[in-house]
Amino acid sequence: FYEVGFRVGISDLNKYCRQLGLGVSTQVELPSSNGILAGKEQRESMGSYWTQGDTVQAAIGQSDNAFTPMQLATYTATIANGGRRLKTHLVKQITDYSRKEVISKTAPGEICDLGVKQEYIDDVKKAMLMVTQDPEGTAYSEFSDFPAEVGAKTGTAENAGSDHAAFICYAPFEKPEVAAAVIIEHGANTKFAMRTAKEMLRAYFESKPPQN
């Protein structure tokens, strides 16, 4: 990861991060943070400078990076969508008081396409599946017997006190319907974040009407 990040360079890393929804507005219908995207611009705004060592740190998600759970969920959904980033919404539709007449619906709108070869996106997705399906995967213990195949990534945000636990996922793997991101501040161990995500996915699939 260090070597790839070094070769890509911080300018291109930042470009792809923004396309994935990191460090930019999700355009959701409520006030929200743009997060912090580590890079030359961010460092210069702090009155400091950027080094090549910072680039390799940023490449693995550390350095000055600080993203919101909504941004991480958007990022995950973009990967699940094959590189197409859709506008993030909270409102699905607006109805009258009886809830029978739909006044307006929120249509999904595409913000951008990563422009990355599909084979590379597929490699990332396969690796995310191995996280939950390979016996050596970091989330195998929680998701190996889950009813739907899940693509996921565990993470730990280093902190001066207890580390923050991070987990992103989407499911079902072949035909994605839902993406989730869980951050537990000072969670110390990723297992708590992945268990929370597992219960979120379980609630989603159990709430769906049975298929005939």
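The values are calculated or read from the model by the stated rules, or taken from the named source; none is laboratory data. Remember, predicted model here, so these are calculated numbers, not experimental data. Reconstructed Cβ throughout: ideal geometry from the backbone, glycine too, with neighbour counts over all protein chains shown. We work out accessible area using only protein heavy atoms, side chains counted, and drop any ligands, DNA or RNA first. Shrake-Rupley method; radii C 1.70, N 1.55, O 1.52, S 1.80 Å.
Descriptive notes on the structure:
- When G137 is tested against (1) over 27 Å from G35 (Cα atoms); (2) in contact (Cβ under 8 Å) with a residue 12 or more places away in the chain; (3) open to solvent by less than 50 Å² (accessible area, probe 1.4 Å), exactly one condition is not met: (2).
- Candidate set: region 125-134, residues that are over 18 Å from A166 (Cβ atoms) and not hydrophobic (A, V, I, L, M, F, W, C); chosen: the one least open to solvent (accessible area, probe 1.4 Å): K125
- Close contacts from region 88-111, counting a first residue that is without any contact (Cβ under 8 Å) to a residue 12 or more places away in the chain and a second that is assigned to a loop (DSSP other than H, G, I, E, B), with Cβ to Cβ under 7 Å and a gap of 6+ residues or different chains, come to T95/E101; I103/D96.
- Checked against (1) loosely packed, with under 13 Cβ neighbours inside 10 Å; (2) modelled with pLDDT of 95 or more, A73 passes all but condition (1).
- Here region 28-59 is the region considered, the condition is being open to solvent by less than 90 Å² (accessible area, probe 1.4 Å) and touching a residue at least 40 places away in the same chain (Cβ under 8 Å), and the residue that is nearest to V116 (Cα to Cα) is A59.
- Of everything in region 1-27 that is among the hydroxyl-bearing types (S, T, Y) and under 14 Å from Y75 (Cα atoms), the residue that is most open to solvent (accessible area, probe 1.4 Å) is Y16.
- Looking only at residues of region 113-155 that are among the β-branched types (V, I, T) and within 26 Å of D12 (Cβ to Cβ), we find that the one that is modelled with the lowest pLDDT is V116.
- Region 151-168: number of residues that are touching a Gly at 6+ places or on another chain (Cβ under 8 Å), small (G, A, S) and part of a loop (DSSP other than H, G, I, E, B): 1
- When residues in region 1-44 are screened for being of a type in the set (F, W, Y) and closer than 20 Å to I111 by Cβ, 1 of them pass.
- All positions within region 169-212 that are in a helix (DSSP H, G or I) and either over 17 Å from S141 (Cβ atoms) or touching a residue at least 60 places away in the same chain (Cβ under 8 Å) (or both): M200, A203, Y204, F205, E206, S207
- Test: A148 is in contact (Cβ under 8 Å) with a residue 40 or more places away in the chain and either assigned to a loop (DSSP other than H, G, I, E, B) or farther than 30 Å from T190 by Cβ (or both): yes
- You will find that of I121, I103, I94, I111, the residue that is farther than 27 Å from F6 by Cβ, of a type in the set (V, I, T) and crowded, with 16+ Cβ neighbours inside 10 Å is I111 and no other.
- Residues of region 60-107 satisfying the condition of being more than 19 Å from V28 (Cβ to Cβ), aliphatic (A, V, I, L, M) and in a strand (DSSP E or B): V102, I103
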